[in-house]
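Undergrad: Here it is, the structure in full.
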Amino acid sequence: MGVQRQQQIPNGFKFLFGGSAGMAATLFVQPLDLVKNRMQLSGEGGGKKMYRNSFHAITTILRNEGVIGIYTGLSAGLLRQASYTTTRLGVFNTLLDMASKDGTPPNFATKAVLGMAAGAVGAFVGTPAEISLIRMTSDGRLPPEQRRGYTSVFNALSRIVREEGLFTLWRGCGPTVSRAVVVNAAQLASYSQAKQSLLGTGYFNDNVFCHFVASMISGFVTTVASMPVDIAKTRIQSMKVIDGKPEYTGALNVLSKTIRQEGVLSLWKGFTPYYFRLGPHTVLTFIFLEQLNRLYRNFARE
């Protein structure tokens, strides 16, 4: 029944609602994205760790950069959602409808494959905003003379093209797409499956509480699965090229160096802010998305 109602929503609105939901969620969780990126870069190359834990990172950033500082990179975060989330959720919901037969959703494996495809397409579209976000959120950890000093996402994009070339906007596209494949296979499939399973117990109705529980389950699964790929992506997109020589040659080089210099558990460095960013972002995105869908259905009926 739910899938049949979803089919009434035009594809264009699915893309619009997906991006709008992601952007609304980002307004709440941008500080956690900043902390996550800073912690993933802390101790890079075997150097001294800047932050002992998430709480220390937040208090240090607030003390050194102020309240506004924890929202550094917000414009890039919003553009990332407008490009990446719009594409991935729109593609996923469209493919999900196509794969559903007689109102019956496909099995978990099919959902995972659809999520991977949607994530890959969305990641490619969103990589320029992603690299801007990584650089803007990591800038404050550098000495003043080494900071890039982007004033907005549009300033970042224009300067990257002017100073480093157009294709730099897709630096780290490989690990970005790989991360998106893992994230979306885990997130979209596990959310859809968790929601379906919760509704099947008879204890849940299709409401905000059900969406919240399904989202938290999805967020945990996604965090565990995607963090190693995410740290590789973050470090590649943040790196500088000195005398024509990049700090890393690729994602596997990042992972091997990180394990060798910082230990295998460092691949999950920043787990807490990552989950508390991804978990609530997943919750808020799907809650906003479900409410937008509900509003459309109610409006369309009138």
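No lab work stands behind these numbers, since they all come straight from the coordinates. Every value quoted in this text rests on a predicted model; they were computed, and no experiment measured them. Every residue, glycine among them, receives a Cβ derived from its backbone with ideal geometry; neighbour counts consider all protein chains shown.
Undergrad: Residue separation times 0.36 nm, minus the C-alpha to C-alpha distance between V213 and N155: what's the value? Please report the intermediate quantities before stating the final value.
TA: On the way: separation 58, 0.36 × 58 = 20.88 nm, distance 3.90 nm.
Net length gain for the segment: 17.0 nm.
Undergrad: A follow-up question, please. Within the set of other residues whose C-beta is less than 14 Å from the C-beta of G73, count the net charge using Lys and Arg as +1 and Asp and Glu as -1.
TA: Working: positive: K36, R38, R80, R135, R141, R147, R148, R277; negative: D33, E65, E130, D139.
Every neighbour counted, the sum reads +4.
Undergrad: Any chance you could get the radius of gyration and Dmax over the Cα atoms of region 223-302, in Å?
TA: Rg and Dmax of region 223-302, Cα atoms, are 19.3, 64 Å.
Undergrad: Further question on the same structure: I'd like the trypsin sites (Lys or Arg not before Pro) in region 45-150 restricted to DSSP loop residues with at most 12 other Cβ atoms within 10 Å, sorted by number. Could you put the intermediate results ahead of the total?
TA: Values: sites: K48, K49, R52, R63, R80, R88, K101, K111, R135, R141, R147, R148; in loops: K48, K49, R52, R147, R148.
Loop-located and lightly packed - K48, R52.
Undergrad: Tell me the relative contact order for region 115-267 as a rounded percent, counting alpha carbon contacts under 8 Å between residues six or more apart.
TA: Relative contact order of region 115-267: 26 percent.
Undergrad: Next up: Give, as a single signed number, the net charge of other residues whose beta carbon lies under 12 Å from the beta carbon of D230, with Lys and Arg counted +1 and Asp and Glu -1.
TA: On the way: positive: K36, R179, K233, R235, K269, R277; negative: D33, E130.
Neighbour charge sum, excluding D230 itself: +4.
Undergrad: Just one of (1) 21.1, 70; (2) 18.5, 60; (3) 19.5, 64 is Rg and Dmax of the Cα atoms in Å calculated from these coordinates, so which is it?
TA: So the structure-derived entry is (3).
Undergrad: Listed here are the pairs K111/K269; K101/K233; K195/K233; K36/K240; which of them are more than 26 Å apart at the Cα?
TA: Long pairs (Cα-Cα over 26 Å): K111/K269; K101/K233; K195/K233.
Undergrad: About the Cα centre of the chain, what is the dipole size in debye to 20, counting +1 per Lys and Arg Cβ and -1 per Asp and Glu Cβ, all else neutral? Present the calculation step by step, with values, prior to reporting the outcome.
TA: Working: 32 positive and 17 negative charges, 88 e Å.
Using Cβ point charges on Lys, Arg, Asp and Glu, the chain gives about 420 debye.
Undergrad: May I pose another question? I want to verify a result. In a Gaussian network model of the chain, Cα cutoff 10 Å, which of these has the top mean-square fluctuation: L89, L133, L265?
TA: Looking only at L89, L133, L265, the biggest GNM fluctuation is shown by L265.
Undergrad: For region 2-301, what is the relative contact order in percent, using Cα pairs closer than 8 Å and at least 6 residues apart in sequence? Let's see the in-between values first.
TA: Values: 444 pairs, mean separation 79.6, N = 300.
Dividing the mean separation by the residue count of region 2-301 yields 27 percent.
Undergrad: Taking Cα centroids, how far is region 78-119 from region 13-35 in Å?
TA: 17
Undergrad: Taking only complete DSSP H runs, can you tell me which helices of the chain stretch 24 Å or more along their own long axis by Cα positions and average at least 1.0 on the Kyte-Doolittle scale?
TA: Correct list, ordered by number: 108-138.
Undergrad: Under 13 Å from the Cβ of Q196, count the other residues' Cβ atoms, weight Lys and Arg +1, Asp and Glu -1, and hand me the total.
TA: With Lys, Arg at +1 and Asp, Glu at -1, the neighbours total +1.
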